[in-house]
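Quick notes on the structure that follows.
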Amino acid sequence: MKNTKLTERVNVQFRAEAFNFLNHVNLGSPNVSFSAGADGKNRSGSFSLITSARDARIGQLGLKIIF
C-alpha cells in the first residue's frame, strides 16, 4: 500500500494484493459416494477421488482517491 498526498485535502492510495503467491495447490474436497457391495466393501470407482482445485495465483491492484 502506498499513500500519496496530492493536495492538502486529497490523497491517493495505491494497493497491490497477491493471493496464493507461492502457487501452492489447494485441492477440492474428495468424492464421498460410498457404494457398499454384498460383502460390505466399496464398489464405487470414484470414491475418495479429487477432481477439482481452487484458483492458482491471483493478483489485484487498486487505486483509491480520498478527499
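The values are calculated or read from the model by the stated rules, or taken from the named source; none is laboratory data. Keep in mind that what you see is a predicted model, and the values were worked out from it rather than measured. Heads up, the Cβs are rebuilt from the backbone with ideal geometry, glycines too, and the neighbour counts pull from every protein chain shown. Keep in mind that these areas ignore ligands, DNA and RNA; they rest on the heavy atoms of the full protein, side chains included. Shrake-Rupley method; radii C 1.70, N 1.55, O 1.52, S 1.80 Å.
For the stretch 30-67, taking the residues that are assigned to a strand (DSSP E or B) and more than 30 Å from the chain's Cα centre (by Cα), the one that is surrounded by the most Cβ atoms within 10 Å (Cβ to Cβ) is identified as 42. Any residue in the stretch 11-22 that is surrounded by fewer than 10 Cβ atoms within 10 Å (Cβ to Cβ), more than 21 Å from residue 67 (Cα to Cα) and without any contact (Cβ under 8 Å) to a residue 60 or more places away in the chain? Looking for residues that are surrounded by fewer than 10 Cβ atoms within 10 Å (Cβ to Cβ), more than 21 Å from residue 67 (Cα to Cα) and without any contact (Cβ under 8 Å) to a residue 60 or more places away in the chain, one finds at least one in the stretch 11-22, hence yes.
Selection of the stretch 23-53 for residues being without any contact (Cβ under 8 Å) to a residue 24 or more places away in the chain and of a type in the set (Val, Ile, Thr) yields 32, 50, 51.
For the stretch 1-10, the candidate set comprises residues that are in a loop (DSSP other than H, G, I, E, B) and not acidic (Asp, Glu); within that set, the residue that is most open to solvent (accessible area, probe 1.4 Å) is 9.
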